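Q: My questions will all concern the structure given below.
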Amino acid sequence: MTTSTIDMTRRDHVTVRVPATSANLGPGFDALAVALDLAEDVTLARRPVGSATRVHVSGINASLLPHDETLLAYRSVVAAYRRMGRAVPALDLELATRIPRSGGLGGSAAAIVAGVVAANALEGMPLSQSDVLDLVAEIEGHPDNVSAALLGGLVVCVAGRDGLVSTRLPVPAELQAVVCLPEASISTKSARGVIPQTFPIGDAVFNLGRTALIVAAFATRDWSLLRDGMDDRIHQPARGTILGALHPVIQAALDAGAHGAALSGAGSAMIALATARFDEIAAAMGNAAAGHGSPNRTIRLALSDAGARVVG
């Protein structure tokens, strides 16, 4: 989280920008995520004492999200005040949404991080970055997307002996994402529900090695490692049964020149990482998805080193 622009005193107004994210990258289930150069903003402003809180949503998801205190970003503001041990003041909250809510790009994680970071900045930063990370992971229920949204870059996060451990690697300009967004969404709950609870040891070893390959690829900039590195035997085989286009889209992306491809988070978005042939990869992914019953659109996104940051 970028803090260099934050005044460490209480503020009357703050705007926080938080990136979209893609989790897992194939084998790194609940342990890997990367920030993407697509962001949404939460603005918090104090209202006069005794006033009612107001919540407003604008942008691409304005008709899909509640414009009241049940909004996830606002509920995350409330959670931050509780963690600070302070009463929630009357507030104006404006959420400007840009992250598609079709599933797989960390929209809920961005809302959670934005709410907590905005409340913390408004109150002069009483919560440390570690405090914020623990809280957003607690709200989300798993740490991968929220860690990347907070910290930026490629993030490795695990439940350590003494709490959550997260570390990040910077992401290069040459590696970019091509994302296929099916029109039909998949709920995270449904996508988690199909995953088996036990696995053969061979599948566990398969994923361990490939998760290490992804980290090695980002550490060494050897992108050829991603072709094998983004394979998975833990969650994608099961999730492919409810998203029939998944495996055809992955293969189409590889055939078109992507270094690696995978389901993005719990889906339904699918992501390919590449350094060239972006248009060809997008066309191949889109055609493969459409040919397997998933009308869709594709977008190209840079990866982002910037995590949550105060911009106003």
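Every read-out reported here was derived from the displayed coordinates using simple, explicitly stated rules and does not represent laboratory data. Bear in mind the structure is a predicted one, so any value in this text is a computation, not a measurement. Ideal geometry is used to build each Cβ from the backbone, glycine not excepted, and the neighbour counts take in all protein chains shown.
Q: Just rank MET84, MET285, fewest to most, by other beta-carbon atoms within 10 angstrom.
A: On the way: MET84 17, MET285 29.
Ranked by crowding around the Cβ, least crowded first: MET84, MET285.
Q: Continuing with the same structure: Report the label-to-label distance for ASP228 and LEU169 in nanometres (one decimal), using points 7 Å from each Cα along the Cα→Cβ vector.
A: For ASP228 paired with LEU169, the spin-label model returns 1.6 nm.
Q: If you don't mind, there's one more thing I want to ask. Calculate the length of the line joining the C-alpha centroid of the stretch 93-134 to that of the stretch 168-205, in whole Å.
A: 21
Q: Here's something else I'd like to know. Once both labels are modelled 7 Å past Cα along the beta-carbon direction, what's the VAL158-VAL194 spacing in nm?
A: 2.9
Q: May I have the pair-distance distribution P(r) for the stretch 22-74, computed from all Cα-Cα distances with 10 Å bins from 0 and rounded to whole percent?
A: 18, 33, 30, 15, 4, 0
Q: Using the Cα atoms of the stretch 96-147, I'd like the radius of gyration and the largest Cα-Cα distance, Dmax, both in angstrom.
A: Final numbers for Rg and Dmax: 11.4, 35 Å.
Q: Further, regarding this structure: Under the Kirkwood approximation for Rh and a Cα-based Rg, what ratio Rg/Rh is obtained for the stretch 129-201?
A: Across the stretch 129-201, the Cα-based Rg/Rh ratio is 1.03.
Q: Let me have the relative contact order for the stretch 164-254, percent, based on Cα pairs under 8 Å that are six or more residues apart.
A: Over the stretch 164-254, the number comes to 28 percent.
Q: For the stretch 188-312, compute Rh as the Kirkwood radius over C-alpha pairs and then the Stokes-Einstein diffusion coefficient at 25 °C and 0.890 mPa s; write the answer in µm²/s, rounded to an integer.
A: Numbers: Rh = 15.6 Å.
Using the Kirkwood radius from Cα pairs, D works out to 157 µm²/s.
Q: Just to be sure I understand the model, the point goes 7 Å from the Cα along the line to the Cβ. What's the resulting ALA90 to ALA219 distance in nm?
A: 5.5
Q: For the chain, what does the relative contact order come out to in percent, with C-alpha contacts under 8 Å and a separation of six or more?
A: Here the relative contact order equals 27 percent.
Q: Suppose R0 equals 35 Å; then what is the FRET efficiency for ASP131 and ARG98 from their Cβ-Cβ distance, rounded to the nearest 0.05?
A: After rounding to 0.05, the efficiency reads 0.80.
Q: Assuming a ≥ b ≥ c are the square roots of the Cα gyration tensor eigenvalues, decide whether the stretch 13-170 counts as rounded (a/c under 1.5), prolate (otherwise, with a/b larger than b/c) or oblate.
A: oblate
Q: Whole angstrom only: what separates the Cα centroid of the stretch 22-66 from the Cα centroid of the stretch 256-309?
A: 22
Q: Hey, if you put +1 on the Cβ of every Lys and Arg and -1 on every Asp and Glu Cβ in the chain, which of ALA308, ALA96, THR220 ends up farthest toward the positive end of that dipole?
A: Result: ALA96.
Q: For the stretch 269-277, what does the Karplus curve 6.51 cos²θ - 1.76 cosθ + 1.60, with θ = phi - 60°, yield as ³J(HN,Hα) per residue in whole Hz, taken in order and with x for Gly and Pro?
A: Values, residue by residue: 5, 10, 10, 10, 10, 8, 10, 6, 6 Hz.
Q: Here is a further query. Over the stretch 97-242, calculate the relative contact order: mean separation of alpha carbon pairs under 8 Å at least 6 apart, over the residue count, as a percent.
A: Value for the stretch 97-242: 18 percent.
Q: So how strong a dipole does the chain carry about its Cα centre when Lys and Arg Cβ are +1 and Asp and Glu Cβ are -1, to the nearest 20 debye? If you can, show how the numbers build up before the last one.
A: Details: 25 positive and 28 negative charges, 89 e Å.
I would put it at about 420 debye.
Q: Here is a follow-up. If the chain between ALA283 and SER63 were fully stretched, how many nm would it gain, using 0.36 nm times the residue separation less the Cα-Cα distance?
A: Computed gain between ALA283 and SER63 is 76.3 nm.
Q: Given the convex hull of the Cα atoms of the chain, what is a quarter of its surface area in nm²?
A: One quarter of the hull surface, i.e. the mean projection, equals 15.6 nm².
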